[in-house]
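Read through the structure below, which is laid out as structure tokens, and then see the notes.
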Amino acid sequence: MPAEPAESAVETRGLEPVPDSERAGRVRELVPTWVAANISVLLLTMGAGLVIFNKLNIWQVLVVALAAPVVSYGMVGLISIAGKRGGAPGMALSRAVFGQRGNLFPGALIWVARWGWETINAVSGAYAVLTVLDLLFGVRANTPLIVVTLLFFVSCTFVVSGLGINALRVCSKWSTYLFGAFSVLVLGYLVLTTEWAAVFDKPAGSTAMMIAGIGTIAAGGISWVPSGPDFTRYLPRTASAKGMVGATIGGAGIVVLPMVLMGAVMAVGTPDLASAADPVSFIGELLPVWLAVPYLLIALVGMLLINSMSMYSAGFTAQTLGIKVPRAWAVSVNAVISLVFGFLLMVVAKSFFGSFISFLTLLAVAFSAWIGVFGVDMLRRKTYDGPALLDTTPGSAYWYRGGFAWQAMTAWGVALVVGLLFTKVDWFAGPFCDTWAGRNGLGWVVGILTSGALYAVLPRTAPLEDAAGAKEPALAGTLSN
């Protein structure tokens, strides 16, 4: 009997839905998946930024670190429910919402956004390699070495993401154990060496800056929302939806909370941490070599996994855009792009942190318009027509009018513009960025509410099967499904 695609060394399944007979996944496997998606020293830098730039004290940082993963990964978990219902990747299921041609527009934007996310992580991984080389051998970074480390990191990413879901599961499981163990050691070291009086004496910042901090930390999680179904498509239809949401929030939260808090504590004694051009080398300065080197190596594996997960999803997105290559090779496009952009960010950009925060802010807005539309659509349907998802001809049930579902396209386009109007970054400021929502960094919330509300009130166009009296039900879904 041939091996099932889900169990082979290289995952060969692309956009086609996973049949029920091959859905052997378990909800608890989502915990290490979302742990791995957050194993990044950038969370330390972001925690430091909450203290240095947002002027928050340790108790406010605690609130931010608790709220951000609940908000962002709560949305990831909810959208993930579509994966077990339809058995297909998120951007393939999105065809049922936007139409076969209409889906190309949000799909292209999300694909481009992934370029930036993968670039940021490739740069962080390369910096981790450079820091280890400096600590162990005194080798200083230079342009040729930057190119070599970037190439090494991206190549490893390409291999893992190309192998597919099983490789990601195995790597996620073991990196979770290792990173957790060494994070406890780092936390213990900080407890013993930190001047806690200085930490607790810091005055509180404004509520506005605390809300903005939640948005900044949550932005990273929001970028995973369209990818949520990619990691739940192998779950059986009977899998608990509440359990999926809980496992997603829990997996992310047990990393985000301690990492952000550690970054905030580190920033009290090292205020330059938040604005360092190299966001990783400070670990070598704050920790002893015996702890810094293994911690950075394990964090390097974590950042490699984050990029692998992103490229895994990006491969599916590329296929939905009409790039007709196997999934394992579709990720190569993003690998090349992250190499080029990573080099520019490491060699040309003057401020890593400024570029990173600006990118995260715009990324959240770009994804939010899609989230509102797709989320409301999930409440209206329980099933997806598998053959129709793959059929890109006018005969597809999801062809709608000329390949477009105009209601979804209208809601998405309006929300994208409105979200940007309330957004401000280093090099862009919308006309409403000085309003309460703009000052609190809530342009992405405005985007979700706008797209969701507008799509909800617009009349729904039925798929062709519905119009002909056939099969896809238009019943409201519930969290129990």
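The values are calculated or read from the model by the stated rules, or taken from the named source; none is laboratory data. Bear in mind that the values here come from a model prediction, so they are computed numbers and not experimental data. As a convention, Cβ positions derive from the backbone with ideal geometry for all residues, glycine included, and neighbour counts pool all protein chains shown. We work out accessible area using only protein heavy atoms, side chains counted, and drop any ligands, DNA or RNA first. Shrake-Rupley method; radii C 1.70, N 1.55, O 1.52, S 1.80 Å.
Of note:
- Potential extension, VAL139-ALA429 segment - 0.36 nm per residue separation minus Cα distance: 100.3 nm
- Net lengthening on full extension, ARG401/ARG380 (0.36 nm per residue, minus Cα-Cα): 5.6 nm
- Pairs of Cα atoms farther than 21 Å apart, region 149-295, %: 61 percent
- With N the number of residues in region 382-428, Rg(Cα) / (2.2 N^0.38 Å) evaluates to 1.70.
- Burial order of peptide ranges 48-61, 284-297 (average beta-carbon count within 10 Å, highest first): 48-61, 284-297
- Unsatisfied cross-links (Cα-Cα over 22 Å) in the set LYS84/LYS242; LYS324/LYS382; LYS55/LYS424: LYS324/LYS382
- Rounded tilt (10° steps) of 58-86 against the dominant C-alpha axis of the chain: 30 degrees
- Helix-only [θ]222 nm of the chain, DSSP H runs n ≥ 4, -39500 (n - 2.57) each, per residue, nearest 500: -22000 deg cm²/dmol
- Average silhouette area of region 165-220, convex hull of alpha-carbon atoms, in square nanometres: 6.0 nm²
- Within-14-Å neighbourhood charge of LEU458 [Cβ basis; K, R +1; D, E -1]: +2
- Relative compactness, region 16-98, computed as alpha-carbon Rg over 2.2 N^0.38 Å: 1.48
- Computed P(r) (all Cα pairs; region 120-229; 5 Å bins; percent): 2, 8, 9, 13, 18, 18, 16, 10, 6, 1
- When the convex hull of its Cα atoms is projected in every direction, mean area for region 55-209 (nm²): 14.1 nm²
- In the context of the full set of protein chains, region 145-277 has a per residue accessible area of 39 Å² (1.4 Å probe).
- When you restrict to C-alpha pairs under 8 Å that are six or more residues apart and normalise by the size of the chain, the relative contact order lands at 30 percent.
- In the calculated pair-distance distribution of the chain, the portion above 35 angstrom amounts to 29 percent of the Cα-Cα pairs.
- Cα shape, region 181-259, gyration tensor, a/c 1.5 rule: oblate
- Expressed per residue, the C-alpha convex hull volume of region 73-154 stands at 133 Å³.
- Nearest 10 degrees, 0 to 90: helix 327-347 Cα axis against the chain principal axis: 30 degrees
- Table column - 3J(HN,Hα) (Hz), region 434-443, Karplus curve with 6.51, -1.76, 1.60, x for Gly and Pro: 8, 6, 4, 5, x, 5, 8, x, 10, x
- With an a/c value of 1.5 or above and a/b not larger than b/c for the gyration tensor axes a ≥ b ≥ c computed over the alpha-carbon atoms, region 66-109 is described as oblate.
- Helix 241-269 and the longest principal axis of the C-alpha atoms of the chain enclose an angle of approximately 20°.
- The spacing between region 377-448 and region 129-180, judged by their C-alpha centroids, is 34 Å.
- Highest to lowest packing among 100-110, 74-84, 169-179, scored as the average C-beta count within 10 Å: 74-84, 100-110, 169-179
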